[in-house]
Amino acid sequence: MSTVIHLLRHGSHGDFGSILTGRNPGAPLTPAGQEEARAVGRHLADANLDALYTSPQLRAYQTAQIISAETGTESTIADELDEIDFGRWCGRTFDDLASDPLWREWNEQRDFAATPAGETMRDVAARLVGFIERIRREFHGGSIALVSHADVIKAGICHYLGASFQEVHTIEIRPASLTTIAVGAQGGKLLSSNQVFSSEQVPVKTGVSA
């Protein structure tokens, strides 16, 4: 029997699209981000969650707290869901990073390159998948929600699809989007990706695996 894993990206925050926030403290959800989280939380109210875990970053934690209020499932911080450790890149604008040769290498060679802090996409996938495997065994056949970050979720998708980590550039994970994977002893199957919800709980975009 498979365990259903709901991977959620945090809602929108003030740095979104302009600054690489990374593990910098702060970056709370905007009012729009709070509404995004509330909408996906209302959807998950029907998912009968057995557990809810979140990255320790504020934007993820706030998203999880809103989902917790909507679902009645208490949230727990899990360091395995943390953002990629970007080291000295944190807090820099994307325009500024564009002139950094190491940043260009990171994006051109995702299968091999590392951040200034030394983390690779393989490292990110390993910590995420290791955590998923642990909770799969703990909540066998259950339904679990994990609040994390875009590239962390993309690393997990690449792992379960057996795809190159370079494929992260072809995968869209929007703020407060829901990606669902059924994980069993033989591996995982991507059921849907990048599903977002309006305040009326109507899914407005869904990617479904073949």
Counted residues, segment 164-187 - those being crowded, with 19+ Cβ neighbours inside 10 Å, within 11 Å of the chain's Cα centre (by Cα) and of a type outside the set (S, T, N, Q): 4
Pair list, Cβ < 6 Å and 6+ apart or interchain, from segment 80-92 residues that are at positive phi to residues that are assigned to a loop (DSSP other than H, G, I, E, B): 87/115; 87/116; 87/117; 91/24
Test: residue in segment 89-105 that is of a type outside the set (D, E, K, R), in a helix (DSSP H, G or I) and within 19 Å of the chain's Cα centre (by Cα): no
Counted residues, segment 124-152 - those being closer than 17 Å to residue 60 by Cβ and either out of contact with any Ser or Thr (no Cβ under 6 Å at 6 or more places or on another chain) or part of a loop (DSSP other than H, G, I, E, B) (or both): 13
Residue identified as among the aliphatic types (A, V, I, L, M) and either more than 19 Å from the chain's Cα centre (by Cα) or on the phi > 0 side of the Ramachandran plot (or both) among 126, 113: 113
Selection count, segment 162-190, where residues are closer than 21 Å to residue 119 by Cβ, assigned to a helix (DSSP H, G or I) and not charged (D, E, K, R): 4
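Against the definition (buried (at least 19 other Cβ atoms within 10 Å of the Cβ), of a type in the set (S, T, N, Q) and either in contact with an Asp or Glu (Cβ under 6 Å, 6 or more places away or on another chain) or within 25 Å of residue 77 (Cβ to Cβ) (or both)), how does residue 143 come out, yes or no?
no
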Residue in segment 87-119 that is surrounded by the fewest Cβ atoms within 10 Å (Cβ to Cβ), counting only those that are among the acidic types (Asp, Glu) and over 25 Å from residue 156 (Cβ atoms): 95
Residue satisfying all of: in segment 12-50; among the hydroxyl-bearing types (Ser, Thr, Tyr) and surrounded by fewer than 18 Cβ atoms within 10 Å (Cβ to Cβ); nearest to residue 173 (Cα to Cα) among these: 18
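Bear in mind that the values in this text are calculations on the coordinates, not laboratory data. The model shown is predicted, which means the values in this text are computed figures rather than measured ones. Neighbour counts are summed over all protein chains in view; Cβ atoms, including those assigned to glycine, are modelled from backbone coordinates with ideal geometry.
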